[in-house]
Amino acid sequence: MSNNGTPMLDDLEKGPWPSFVTDMKQAAAKKPAVNDLMRQLEASYTEKVGHWKHGGIVGVKGYGGGVIGRYSDSPDRFPGVEHFHTIRVNQPAGWFYNTKSLRALCDVWDKHGSGLTNFHGATGDIILLGTTTDQLQPTFDDLAELGFDLGGSGSAMRTPSCCVGPARCEWACFDSLNVVDTVTRTFQDQLHRPMFPYKFKIKVSGCPNDCVAAIARSDMAIIGTWKGNIAIDQTEVTQCAANGMNIQTEVVDMCPTHCMAWDGSTLKIEDRECNRCMHCINLMPKALRPGNERGASILVGGKAPIVHGAMLGWVVVPFIKLEPPYDNLIELVNKIFEWWDENGKMRERLGELINRQGMGKFLKAVGLKPVPQMIKRPRANPYYFWREGV
């Protein structure tokens, strides 16, 4: 039996991997509330009942989001977590920090909260776990002094996130960091003041590798791509073969559209059939590179389960140049917000609204013309519009 009275939690420390329980015990040495947090979690395991109740409305001055209310349903048993709110902090684009900023951030949280953090939440925010209602405003004030802002929560635009982009990746087809910074600054009102039917997520990947999983996790996915042919350096291709790579088996046969051919000395690509899977480019980074005309594809409607289940994004803009000040992108986002806000039901995501009203109405509302690249899947053409008498 554990000395802490948490035998099931203690069991989670026995595996080969680092355990969050160990971290919580370290935090509990400084913050007694964390002891009650562990005791409540243990009770949830043994009683098979979650002991958090809906948080209601809590926040800081001038903001409608950024704070997730958390209250224990058993404050008499666990008084340390009677209120134990979560704060979402807007992360820098690409999640780049220096140690000075991280230490300052943790000092603020040690001063006002439990000291428990989560880098990063599912949306991308820095998550500060557990503080009391009276400490929310002081925490926000100290964060603001450091230059940090709150992220989105509730029925608002959630904090946009992106991959590391050109800062560390040679495949970035545009500056994903700058796009996220611009979108975040442009839509501050939509980020901090819930005004929509439900949440709206924008995620940005600099290339088709989609390292932030934008296509599956965001209402609006901006994914880097290119026009034209993949650049081939045949000398480097030959060198790959000389180094032992079986180009036929490892590259050509793995191409999902079978658009490549290898005769033992020359690699050929039928670029019209390429679907930008990036397998060949990832495998032979010196021999193959994306085409020179680079930009992004925009997809809408991706989401995780709830209501209609998980959905992947749907191409609505096959190619768009993304260059500062990104007026074309900002204009499109505004049109999408306007249509969704006008037509969406409570807790209805953009993809669910498009399914309910049809892609035709969406395209007409935002001023986009149907093009073949928008076909979601073979034999499911949503752009064949039947009209009686025509």
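Cross-link check: pairs Lys201/Lys369; Lys201/Lys376; Lys14/Lys199; Lys203/Lys345 evaluated at a Cα-Cα cut-off of 28 Å; pairs beyond the cut-off: Lys14/Lys199.
With all pairs of different alpha carbon atoms counted, what Kirkwood hydrodynamic radius in Å does the range 73-132 show?
After inverting the mean inverse Cα-Cα distance, the result is 12.5 Å.
Ligands, DNA and RNA excluded, the heavy atoms of Asp36 present near 20 Å² of accessible surface to a 1.4 Å solvent probe. Amide hydrogen proximity for Gly64: with H placed 1.01 Å from N in the peptide plane, the residues at 5 or more positions away or on another chain lying under 5 Å are Arg193. Averaging sequence separations of C-alpha pairs under 8 Å and six or more residues apart, then dividing by the length of the range 204-349, give the relative contact order as a whole percent. Dividing the mean separation by the residue count of the range 204-349 yields 29 percent.
Taking the Cβ of Thr6 as the centre, find all other residues whose Cβ is under 15 Å away and add up their charges (Lys, Arg: +1; Asp, Glu: -1).
Details: positive: Lys14, Lys25, Arg39, Arg77; negative: Asp10, Asp11, Glu13, Asp23, Asp36, Glu42, Glu47.
Here the count lands on -3.
With q set to 0.30 Å⁻¹, the log10 of I(q)/I(0) for the range 263-306, from the Debye formula over equal scatterers at the Cα positions, is -1.31.
For the range 158-285, count the residues as N, evaluate 2.2 N^0.38 Å, and divide the Cα radius of gyration by that value, please. It would help to have the intermediate numbers written out before the result.
On the way: Rg = 18.6 Å, N = 128, 2.2 N^0.38 = 13.9 Å.
So the Cα radius of gyration is 1.34 times the expected 2.2 N^0.38 Å.
Positive end of the dipole of the range 224-350 (Cβ unit charges, origin at the Cα centre): among Ile269, Ala231, Val252, the Cα lying farthest that way belongs to Val252.
In the range 1-61, if the dipole is taken from +1 on Lys/Arg beta carbons and -1 on Asp/Glu beta carbons about the Cα centre, which of Leu37, Gln26, Gly56 is farthest to the positive end? So the residue we want is Gly56. Each Lys and Arg adds +1 at its Cβ and each Asp and Glu adds -1 at its Cβ; summed about the Cα centre, the chain shows a dipole of about 860 debye. Taking every alpha-carbon pair under 8 Å whose residues sit at least 6 apart, the range 303-380 reaches a relative contact order of 38 percent. Estimated from helices alone, the mean residue ellipticity of the chain at 222 nm is -9000 deg cm²/dmol (sum of -39500 (n - 2.57) over DSSP H runs with n ≥ 4, per residue).
Basic side chains Lys and Arg get +1 at the Cβ, acidic Asp and Glu get -1 at the Cβ, and with that the dipole of the range 149-307 about its Cα centre reaches some 680 debye. Taking only protein heavy atoms and a 1.4 Å probe, the accessible area of the chain is 52% carbon and sulfur. Note that the range 322-338 has calculated 3J(HN,Hα) couplings of 10, 9, x, x, 6, 4, 4, 6, 4, 4, 5, 4, 4, 5, 5, 4, 5 Hz, one per residue in order, obtained from phi through the Karplus relation 6.51 cos²θ - 1.76 cosθ + 1.60 (θ = phi - 60°); glycine and proline are x.
For the range 78-90, 3J(HN,Hα) computed residue by residue from phi via the Karplus equation (6.51, -1.76, 1.60; θ = phi - 60°) reads 10, x, x, 10, 3, 10, 8, 6, 9, 10, 9, 10, 4 Hz, glycine and proline entered as x.
The candidate values are (1) 23.8; (2) 22.6; (3) 24.8; the one derived from this structure for Kirkwood radius over Cα pairs in Å carries the label (1). Short-range pairs are left out: with C-alpha atoms under 8 Å and at least six residues apart, the relative contact order of the chain is 11 percent.
The values are calculated or read from the model by the stated rules, or taken from the named source; none is laboratory data. Note that the structure is predicted; figures quoted are calculated from it, not measured. Counting neighbours? That spans all protein chains shown, and the Cβs are built from the backbone with ideal geometry, glycine included. Keep in mind that these areas ignore ligands, DNA and RNA; they rest on the heavy atoms of the full protein, side chains included. Shrake-Rupley method; radii C 1.70, N 1.55, O 1.52, S 1.80 Å.
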